[in-house]
Amino acid sequence: GAVVSQHPSRVICKSGTSVKIECRSLDFQATTMFWYRQFPKQSLMLMATSNEGSKATYEQGVEKDKFLINHASLTLSTLTVTSAHPEDSSFYICSASSKSIYEQYFGPGTRLTVT
Amino acid sequence: DAKTTQPPSMDCAEGRAANLPCNHSTISGNEYVYWYRQIHSQGPQYIIHGLKNNETNEMASLIITEDRKSSTLILPHATLRDTAVYYCIVSATDSWGKLQFGAGTQVVVTP
């Protein structure tokens, strides 16, 4: 199957700082990328949908000014958590899909810890 | 998108078939049934999807009832590596649409 990578796999940052997470589709062009968040022992929660070259569409309750998403190319989307706080500590997962494939391919996730 | 109902957990003996049920009684005509699984602390993995007909691939089989209100994912010979949370999701025909994950079924395969 197609490969999606995320970087970094783990990150620890101090409260008030910003952190950027990259999501790359390595062997296909992703017209759409999705960002999810998962708290311990909970299911994945969709945060936003990102189409290449367009502004991201955020799910209800997700602050677009706090979670900045950029999908500047068909292989790269970034999520920036601005002014991070301890409650933003979570497992962030991206997925990618294109019109040529029927399934979404998920990245391995990024564990964010805000101290 | 329609919602799904799955049992919270199930155990399966290694080497036996695992049958995972899913109810999606409000599914619309243009919605596929997708199955994904998530092994602990990893990103979800696509398993299989179908619209009306039964489907089989190298990982699993998907049986969809004629009225499409429920489906069963079959892992033919469960291994310890199949221990994971399995998610049944319905999503509109264009699969690059959103996937809304429910609670899923925690499957534990035991020796």
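Filter the strands (runs of 3 or more DSSP E) completely within the range A:1-54 down to those with at least 2 residues that are touching a Ser or Thr at 6+ places or on another chain (Cβ under 6 Å) and charged (D, E, K, R).
Details: elements: A:4-7, A:10-13, A:19-25, A:32-38, A:45-51.
Of the strands (runs of 3 or more DSSP E) lying wholly inside the range A:1-54, those with at least 2 residues that are touching a Ser or Thr at 6+ places or on another chain (Cβ under 6 Å) and charged (D, E, K, R) span A:19-25.
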- Message: Given the criteria more than 23 Å from residue B:86 (Cα to Cα), more than 11 Å from chain B (Cβ to nearest Cβ), of a type in the set (Gly, Ala, Ser) and in contact (Cβ under 8 Å) with a residue 40 or more places away in the chain, does residue A:18 qualify?
- Response: yes
- Conditions (1) closer than 25 Å to residue B:86 by Cα; (2) more than 12 Å from chain B (Cβ to nearest Cβ); (3) modelled with pLDDT under 90: number failed by residue A:54: (1)
- Criterion violated by residue B:28 - all others in (1) within 13 Å of chain A (Cβ to nearest Cβ); (2) surrounded by fewer than 13 Cβ atoms within 10 Å (Cβ to Cβ); (3) touching a residue at least 60 places away in the same chain (Cβ under 8 Å) satisfied: (1)
- Of the numbered conditions (1) surrounded by 15 or more Cβ atoms within 10 Å (Cβ to Cβ); (2) within 29 Å of residue B:86 (Cβ to Cβ); (3) within 14 Å of chain B (Cβ to nearest Cβ); (4) more than 13 Å from the chain's Cα centre (by Cα), residue A:74 fails exactly one; give the number of that condition. (2)
- Filter pass, residue A:93 being touching a residue at least 12 places away in the same chain (Cβ under 8 Å), of a type outside the set (D, E, K, R), facing chain B (nearest Cβ under 7 Å) and part of a strand (DSSP E or B): yes
- Query: Taking residue B:105, is it touching a residue at least 60 places away in the same chain (Cβ under 8 Å) and of a type outside the set (Asp, Glu)?
  - Reply: yes
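Return the residues of the range A:54-78 that are small (Gly, Ala, Ser) and in contact with a Leu (Cβ under 9 Å, 6 or more places away or on another chain); say none if nothing qualifies. Lay out the reasoning, then the answer.
If we filter the range A:54-78 for residues that are small (Gly, Ala, Ser), which is where we start, we get A:54, A:56, A:61, A:72-73, A:77.
Passing the criteria: only A:56.
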- Task: Could you run through the range B:59-85 and say how many residues are among the charged types (D, E, K, R) and more than 30 Å from residue A:111 (Cβ to Cβ)?
- Result: 4
- Go through the range B:74-111 residue by residue and tally those that are closer than 15 Å to residue B:19 by Cβ, surrounded by 16 or more Cβ atoms within 10 Å (Cβ to Cβ), over 12 Å from the mean Cα position of the chain (by Cα) and β-branched (Val, Ile, Thr). 1
- Message: Among the residues of the range B:63-73, are any surrounded by 16 or more Cβ atoms within 10 Å (Cβ to Cβ) and within 14 Å of another protein chain (Cβ to nearest Cβ)?
- Response: no
- Item | In the range A:12-38, the residues that are over 14 Å from the mean Cα position of the chain (by Cα), among the hydrophobic types (A, V, I, L, M, F, W, C) and at pLDDT 95 or above | A:12, A:13
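Within the bounds of the range A:77-88, is there any residue that is at the interface with chain B (Cβ under 10 Å from one of its Cβ atoms), assigned to a strand (DSSP E or B), of a type in the set (A, V, I, L, M, F, W, C) and in contact with a strand residue (DSSP E or B) (Cβ under 7 Å, 6 or more places away or on another chain)?
Keep residues of the range A:77-88 that are at the interface with chain B (Cβ under 10 Å from one of its Cβ atoms), which gives none.
No, every residue in the range A:77-88 fails to be at the interface with chain B (Cβ under 10 Å from one of its Cβ atoms), assigned to a strand (DSSP E or B), of a type in the set (A, V, I, L, M, F, W, C) and in contact with a strand residue (DSSP E or B) (Cβ under 7 Å, 6 or more places away or on another chain).
The values are calculated or read from the model by the stated rules, or taken from the named source; none is laboratory data. Quick caveat, the model's predicted, so the values are computed rather than measured. Note that each Cβ is placed from the backbone with ideal geometry, even for glycine, and that neighbours are counted across all protein chains shown.
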